[in-house]
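Working notes, beginning with the structure itself.
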Amino acid sequence: MSKKFILNRRSVLKYGSAGAVTALATPYFFTRGALAEGENYLNAPKGDTVTFGFNVPQTGPYADEGADELDAYKLAVDHLNGEGDGGCLSTFSSKVLKGNGVLGKKVAYVTGDTQTKSDAARASAKSMIEKDGAVMITGGSSSGVAVAVQGLCQEAGVIFMAALTHSNDTTGKDKKANGFRHFFNAYMSGAALAPVLEKAYGKDRRAYHLTADYTWGWTQQASIQKFTEEIGWETVNNVLTPLAATDFSSYIAPVLNSGADVLVLNHYGGNMVNSLTQAVQFGLRDKMVNGKQFEIIVPLYSELMAKGAGDNIKGVYGSMNWNWTLPDEGTKVFVKSFGEKYGRPPSNAAQTAYAQTLLYADAAERAGTFNPCGIVGALEGFDFDGLGNGPTHYRAADHQCFKDVLVVKGKEEPSSQYDTLEVVEVTPRAQVEYAPDNEMFAGGDLGKCNPGA
Amino acid sequence: MLGLSKKDTFFFLFVVFLTMATPIILQPFPEGSALAQFNAGYPDLMQRFAIYGIFAIGFNILFGLTGYLSFGHAAFLGVGSYSVVWMYKLLNYNVVPGLVLAIITSGLFALLIGYISLRRSGIYFSILTLAFAQMSFNLAYSVLTPLTNGETGLQVYNDDPQILLGANHPLGPHFFGIVMQDSAKINVGGWQWTFNNGYYFCAIIAVIAFYLSLRIFRSPFGTMLRAIKTNQTRMNYTGLNPRPYTLAAFVISGMYAGLAGGLLAAMDPLAGAERMQWTASGEVVLMTILGGAGTLMGPVLGAGFIKYFENIFSKINDGILHHWFSALPDGVEEFLVFIFHPFIGKGWSLTLGLLFMLVVIFLPGGLIEGGRRLGNLFTGKSRKPTTPAKDPEHHPKPAPHVA
C-alpha cells in the first residue's frame, strides 16, 4: 500500500514534518475574514468589479425553472452594465441606475447549482461567499432551499434576494434581516383566489385537498383552506402526498366517493403535471356531484407547468406573481429584451429574478455602499414601480413585497405554445395584505442585519 | 511510534502533513489568474474534504474489509447532524456535546439497523440497509417533522431555549470559544491562503479517525474482517461466528458516519433531510470505489475527487469558457465553448460519470492504483513484482477460462 512512499521516506519525513510545523505555527495575527481596508463588511469589492452569486437549481426536478431564472439574471447583469437595450432601467421608478454598473463598478457574476437540495445549495452559496467574494446571493425554486440559503446568508453576512419561493415561512417564521422576497406567497394566493372562486363556483362547495407533503404544500393548503372556508366552502379532506410521487391514481380514486365537488391540487412542478393529468384522465371534470359540475383548482401556476400539463389546464383557476401578457410598460420592455436575447417569453420565475437583481443594484446605488446594513436600510419600506408588477412596497417588518396578485385560468384556445394562461383578475394589493403578526406568519424574528464583520 | 510499524508511521506522518498543508496545496494558482477558478482552498470545500474523508474512511472499514456493501450509510450521517443541531437548540453553540451525542445516537442506530440487516449478506444486505435508509429519510422528511423540521431542515431560532448560552458566547458553532467560521488569510505574492478554524478542527478529527482506522486495519480484528470478506463459509467451518465481527464493523462505520454528519452541522448549523437520501448513500459508495476500496488512503482521495467536481466544475459557466478561449479566433472559440459546454456547469455530473467509468475500467483498484502505477513508472519498476512468490508449489495454478 505505502510502497510509493517508502522510496523517498527520508525526504517525506524531513519536508513533511517541517511543513506540518510551519502550518501549525502560522500565527493568527492576520486580518480576520475578507475585509478590505476602510470598508467594514464582508467581501467589500476591491477592484473595479462587484460579484453577485446566482444560485439556482441546474439539475433535479426544478431545473427548468432554474434555467429560466439564470437567463433572467444574465439579462439583468447586461442591463446593469449598459449592454443590450437597458430593459427596465428606463421604466423603473427609481432613476439612479444609469447602466454603468453599480457604484461605478462593473457587475460580474458567478453561478452555482443548488440541485434543489438545502445542503448542496448552502455549499454552493458558501463557495460563492468564501471563494468568489460575492456580496449578494440570489436564487431559489424551492422554499426549503430558499429558507436554508437565507439562513446561511444571515449567518455569513451577505444579502439574500429570494427569487422563486412561495411558502409563507420564507418571510414568516423563517424570515431574516438579510433576506428579501419579491415573489408573492401562499397567503396572497388564497386571498386573491377566494373571491374569484366564489364568483365562478358559488358559496356552497365541498373541497378535497391533495397536498405535497412539505413546508410549502402545508402553508399553501392552510392558506387556501382558510380563505375558502371564509366564503362558505367546506373542506372534506386533506390528503398529503409524498413529494417524490409520480402516480397519483390511488389518491384520486377516493375523491370520487368523498362527496367533494372541488379538487384543490397543492402541487408544483412535475407533481402538478402528473396529478392534474391523472385527475382529468379519471374523468373528474366531466362529473356532476351534488348537482354541480366538478372543478379542479391549482393555486400556484407556472408557465412551465402549464406547458407540461397541456390541454388539461383549460379552464382551471390558479394564481401567479406576474404574467408576460400584462399590458404595462415595465412588462413590455422586459418581455421584449428577454425575447430578443432568448427567443421566448420569460416565466414569472424569470421576472422575479430579474426584478430582484435590479432592486438590489438600485438599493446599493441609493445607499452608496454594498454594506448589507446599508442595503437593508435602502430596501426597507421602499416604494417602487415600473418593474412589471405595478406599484410595489417592500415592507420593513418582514421584508416581503406587497403588490397586485394575478388570478389566472388555463386558456381555452391558446394561440401559441407560450400563450397558455389568461389573466382573469388583477387582485389589488389591499386585498392580499396582512399584518406582520398574522397567525400564518407568526413565530419568526428578523433579527439584526449582519454585515459579516 | 503510536503502536505503528516504521512504514506505517511514515505513511501516517505523510497524511498528517497533507492534511495540515491542505490550505496551501489546494491553492496552486495565484488569485486573479484565469486558472484561479480551479483553486479549492476555501474553507467550506476544505471542510467538506475532511468531513467526507471521515465518512468514507468509516464506510471503508465495513465495505473495504468485510465486503458488506451498505447502501444506507447516509441515515447515520443525518442522525449525526440532527443530534448536533438539537444540542445547539437546547444547550448552546459549543460543538462538543453535539458531537458526542452524534456518535452515541448513530452508534445505537447502527446497532439496531445492523442487528437486523446483518442476518442476510450480499445483495439482500444492501437492499435491507437501503430500505432502512429510505425509511429514515421519509421519517425525517415528513413524519417526524417536530423533530426534524421536514424539508426546510432543522435550524436554530432566536427563541430556542439554549440554556447554557451566556451573554458573550459566540452566536455560531465554536469549540470552547474558537469560532469555526473565523479564518486567517495570508497573502504571499499573488497567492492567498485561508487558514480556517473549522477546517483545522475537522482536519485534526480526520487525522484521529484515520489513525484509528489504520490501527483497525493492522489489528487481529481487521484480519478477522478480511477473513469474512475472503470466505465466510470457511470461517464458519473453523468454528468462528462472523456475525459479532460484522456487527462491530457496522457499528464502528456507523459511528464514523455519525461523526461526519455531526461535523457537517458543526461547520454549518443546519440539518436537512436530504442528507439521508439514498443518493447520499450512493455517493459514499462511489467515493470508496473511485479511490480504491480496501485501501487506507483511497476513500479519502475519492471523497476529495467527488466533492471537488461537485463544487468547482459545477460553477464553471459559458462566460468563463469564453474568457479562457478569448485569445483564439472567433470561430474556434465558439467551437471549443460548444464542445466543453455539456461537461461544465450543470454537466458536472456527466464529467464525473465519465471519469468514474474510466477509473473503474482502467484502474480497478481506484485512484490509489493509478498513483501506484505512476510511481512505478517513475522509479522504473515494472508493474508486476519481479521476484517470484515464495513457495510457488503451494499456490493454486491460474484457472483456465472455461472450466
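The angle between the Cα long axis of helix A:329-342 and the main principal axis of chain A comes to about 70°, on a 0 to 90 degree scale. Qualifying trypsin sites (Lys or Arg not before Pro) in the stretch A:217-299, where qualification requires a DSSP coil assignment and no more than 14 other C-beta atoms within 10 Å, comprise A:287. Of the two radii for the stretch B:1-89, the radius of gyration is 1.08 times the Kirkwood radius, both from the alpha carbons; that is the Rg over Rh value. The simple Förster model, with R0 at 22 Å and r as the Cβ-Cβ distance, assigns residue B:127 and residue B:362 a FRET efficiency of 0.15. Surface listing: B:348, A:218, A:322 arranged by accessible area from highest to lowest gives A:218, B:348, A:322, probe 1.4 Å. Normalised radius of gyration (Cα atoms, divided by 2.2 N^0.38 Å) for chain A: 1.08. Relative to the longest principal axis of the Cα atoms of chain A, the long axis of helix A:63-80 makes an angle of roughly 60 degrees. How far is helix A:215-230 tilted, in degrees, relative to the longest principal axis of the Cα atoms in chain A, given as a value from 0 to 90 rounded to the nearest 10? Roughly 30 degrees, rounded to the nearest 10. Among the trypsin sites (Lys or Arg not before Pro) within the stretch A:64-161, those in coil by DSSP and having at most 11 neighbouring Cβ atoms inside 10 Å are A:95. Rounded to the nearest Hz, the phi-derived 3J(HN,Hα) couplings of the stretch A:183-198 under the Karplus curve 6.51 cos²θ - 1.76 cosθ + 1.60 (θ = phi - 60°) are 5, 7, 9, 4, 4, 5, 4, x, 5, 7, 6, 3, x, 5, 5, 4, where x marks glycine and proline. Between amide H atoms placed 1.01 Å from N, distances below 5 Å from residue A:289 occur with A:294, all of them 5 or more places distant or on a separate chain. Annotation: amide H of residue A:380 has no partner in the under-5 Å range at sequence separation 5 or more or interchain, hydrogens built in the peptide plane.
A crude spin-label estimate for the pair residue B:235 and residue A:396, with each label 7 Å from Cα along the Cβ direction, gives 6.9 nm. The three principal axes of the C-alpha atoms in the protein assembly as shown carry coordinate ranges of 92, 66, 63 Å, sorted with the longest axis first. Shown for chain B are the DSSP H helices of 30 Å or more along their axis, judged by Cα atoms, with a mean Kyte-Doolittle hydropathy of at least -0.5: B:95-117, B:197-218, B:243-267. Across all directions, the shadow cast by the convex hull of the stretch A:306-453 built on its C-alpha atoms averages 11.1 square nanometres. Model label points for residue A:249 and residue A:237, set 7 angstrom from Cα along the Cα-to-Cβ axis, are 1.8 nm apart. Between amide H atoms placed 1.01 Å from N, distances below 5 Å from residue A:102 occur with A:107, all of them 5 or more places distant or on a separate chain. Per the Debye formula on identical point scatterers at the alpha carbon atoms of chain B, with no solvent, log10 I(q)/I(0) at q = 0.11 Å⁻¹ is -0.91.
On the beta carbon distance between residue B:327 and residue A:329, with R0 = 51 Å, the FRET formula returns roughly 0.75.
Where in the stretch B:115-154 is the amide nitrogen less than 16 Å from a point lying 7 Å along the Cα-to-Cβ axis of residue B:243? So the set is B:115-122, B:125. Values of log10 I(q)/I(0) for the stretch A:187-320 across q = 0.17, 0.21, 0.22 Å⁻¹ run -0.83, -1.37, -1.54, by the Debye formula with one identical scatterer at each alpha carbon and no solvent. With θ taken as phi - 60° and the Karplus curve 6.51 cos²θ - 1.76 cosθ + 1.60 applied, the whole-hertz 3J(HN,Hα) list for the stretch A:306-317 is 4, 5, x, 7, x, 5, 5, 8, 4, x, 8, 7 Hz, x standing for glycine and proline.
Think of the protein assembly as shown as having a plus end and a minus end, set by charges on the Cβ of Lys, Arg, Asp and Glu; of B:80, A:288, A:142, B:80 sits farthest toward the positive end of this dipole.
The values are calculated or read from the model by the stated rules, or taken from the named source; none is laboratory data. Just so you know, these numbers come straight off a predicted model, no measurement behind them. Ideal geometry is used to build each Cβ from the backbone, glycine not excepted, and the neighbour counts take in all protein chains shown. With ligands, DNA and RNA removed, areas are computed over all heavy atoms of the protein, side chains included. Shrake-Rupley method; radii C 1.70, N 1.55, O 1.52, S 1.80 Å.
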